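Report on one structure; see the data block that follows.
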Amino acid sequence: MKMPSFQAERVWLAPMSGSTDAAFRRQAVRYGAPAVVSEMVAGEALAAARPDVVRKTCRHEGRGLWIVQLAGRRPEDMRRGAELLVEAGVDVIDINMGCPSRQVTGGNSGSALMREPDLALQIIDATLEGAGGTPVTLKMRLGWDHDLLNAPEIARAAVDRGVEMLAVHGRTRCQFYKGQADWSAISDTVEAVDVPVIANGDIGSVDQVDAALAESRAYGVMLGRAAMGQPWLLGQVAAHLEGRDFVRPDLSAQADGLCEQIEDSLSLYGSWLGIRIVRKHIAAHVDKAELPLDEAERRAVRAQLCRLDDPAELIAQIQSLYLNSETKAAA
Ligand SMILES: Cc1cc2nc3c(=O)[nH]c(=O)nc-3n(C[C@H](O)[C@H](O)[C@H](O)COP(=O)(O)O)c2cc1C
């Protein structure tokens, strides 16, 4: 297998618009996530230096490569976007051909490009040109729909052009997020190329990591939604694959991490927006933490925390919720 010019990690945090900002990526890497990808940004928005876009691409605190995902459907925007990312010093540029959203910037970009393979290849060429030697990776789906499962062809052409690593979400564009990701279908792409392929879609536990790797024969895994509210999951998966022990953070460490993320979010976006953006993470933490609450209590706590506008009050309430839960659990 031809290994990329950068450290080929086997466990990746998936790019998620509105979620994988620098504040969340910092939490993932502090618990040992080997690779984390920014939210997607559009080439033309980067060129216009829109402040919201600059924030999305921000490097996270802590270790690991700075990987930024670029989206778009105009090759010249992708070229310019890649040039700007290189100027900013990013380590790896990831091309978005995986996101099914209808509003991916510039119209039908993201996984819609899989229906337009010629344009997809022009976009890859332009990104590689703009990157000028900075490594480029590609994230895609199995194809447009089940009649057009062309990930292997696009992957082969992309690798011939210089793309160094691939991630494949085991669904088609037309499936959006419905049904189950088909890990075994990813193996067609694994067989088609001689670079590492990362399997993605519905992987949420170490058992699922093992199953996804066995079925896809991929080199590694990429996890998205499952990491929301438990940013240590990537570190846990990495430890599992390397045969290392992993100590899950206890409730007080979880509270400290969440509060650090809230503070980072406030610094990144300012208080008003920062508190709103981080709410989905707070909700996911409350949903997934081992708090001694029944479902109704959990819903009430979640709603209560997500209503607070005062950061100091929010942090105090989170600390006391987690501390009380830990005390109860120890009693
Ligand atoms: C809220 C949300 C935002 C997403 N944004 C992006 C994105 O910016 N770029 C991208 O390639 N995929 C995006 N995706 C897709 C994920 O990267 C991933 O492929 C998908 O969620 C399947 O993985 P999972 O089952 O582990 O979540 C997004 C998914 C979600 C749920």
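Positive end of the dipole of the chain (Cβ unit charges, origin at the Cα centre): among Ala28, Pro51, Ala112, the Cα lying farthest that way belongs to Pro51.
What size of dipole, in debye to the nearest 20, comes out for segment 11-242 about its Cα centre when the only charges are +1 on Lys and Arg C-beta atoms and -1 on Asp and Glu C-beta atoms?
On the way: 23 positive and 29 negative charges, 158 e Å.
With only Lys, Arg, Asp and Glu charged at Cβ, the dipole is about 760 debye.
The helix-based estimate of mean residue ellipticity at 222 nm for the chain, built from -39,500 (n - 2.57) per DSSP H run of four or more residues and divided by its residue count, is -15000 deg cm²/dmol to the nearest 500.
The mean accessible area for residues of segment 106-149, using a 1.4 Å probe and ignoring ligands and nucleic acids, is 36 Å² per residue.
In this structure, the amide hydrogen of Asp182, modeled 1.01 Å from its nitrogen in the peptide plane, lies closer than 5 angstrom to those of Gly170, Arg171, counting only residues at least 5 positions away or on a different chain.
For Pro292, neighbours were defined as the other residues whose beta-carbon sits under 12 Å from its Cβ, and their charges (Lys and Arg +1, Asp and Glu -1) total -2. With all protein chains present, how much of the accessible area of the chain (probe radius 1.4 Å) comes from carbon and sulfur, to the nearest whole percent? In the chain, the share of accessible area belonging to carbon and sulfur is 50 percent.
Give the residue list of trypsin sites (Lys or Arg not before Pro) in segment 146-232 that are DSSP loop and have at most 11 other beta-carbon atoms within 10 angstrom. Spell out each step's value before the answer.
Numbers: sites: Arg156, Arg161, Arg171, Arg173, Lys178, Arg217, Arg225; in loops: Arg171, Lys178, Arg217.
Here the sparse-neighbourhood loop sites are Lys178.
Residue separation of Cys174 and Val206 scaled by 0.36 nm, minus their Cα-Cα distance, works out to 8.7 nm of gained length.
Counting Lys and Arg as +1 and Asp and Glu as -1 over every other residue whose Cβ lies under 14 Å from the Cβ of Gly201, the net charge comes to +3. With a simple spin-label model that places each label point 7 Å from the Cα along the Cα-to-Cβ direction, the separation between Val86 and Asp160 comes to 2.3 nm. Stretched out straight at 0.36 nm per residue, the stretch from Asp250 to Asp294 would grow longer than its current Cα-Cα span by 13.9 nm. Between Asp145 and Glu61, with labels modelled 7 Å along Cα→Cβ, what's the label distance in nm to one decimal, could you check? If labels sit at Asp145 and Glu61, their model points lie 4.8 nm apart.
Straight Cα distances below 30 angstrom link Lys280 to the lysines Lys56, Lys139, Lys178, Lys288, Lys328, with same-chain residues fewer than 8 positions distant left out. Modelled this way, with points 7 Å down the Cα-to-C-beta line, the labels at Ala331 and Lys2 are 6.3 nm from one another. Taken about its Cα centre, segment 251-330 carries a charge dipole of roughly 300 debye when the Cβ of each Lys and Arg holds +1 and the Cβ of each Asp and Glu holds -1. Computed extension length for Leu323-Ala47: 94.8 nm, one decimal, from 0.36 nm per residue of separation with the Cα-Cα distance subtracted. Per residue, the accessible area of segment 33-73 comes to 36 Å², computed with a 1.4 Å probe over protein heavy atoms only. Accessible area per residue for segment 251-330, computed on protein heavy atoms with a 1.4 Å probe, is 48 Å².
Look at where the Cα atoms of segment 253-304 and of segment 46-75 average out, and the two centres are 24 Å apart.
Evaluated with a Cβ-only charge set (Lys, Arg +1; Asp, Glu -1), segment 200-315 carries a dipole of roughly 380 debye about its Cα centre, given to the nearest 20.
The values are calculated or read from the model by the stated rules, or taken from the named source; none is laboratory data. All values reported here derive from a predicted model rather than from experimental measurement. With ideal geometry, Cβ positions are generated from the backbone for all residues, glycine too; neighbour counts draw on all protein chains shown. Side chains are part of the model used for accessible areas, which takes the heavy atoms of the whole protein and leaves out ligands, DNA and RNA. Shrake-Rupley method; radii C 1.70, N 1.55, O 1.52, S 1.80 Å.
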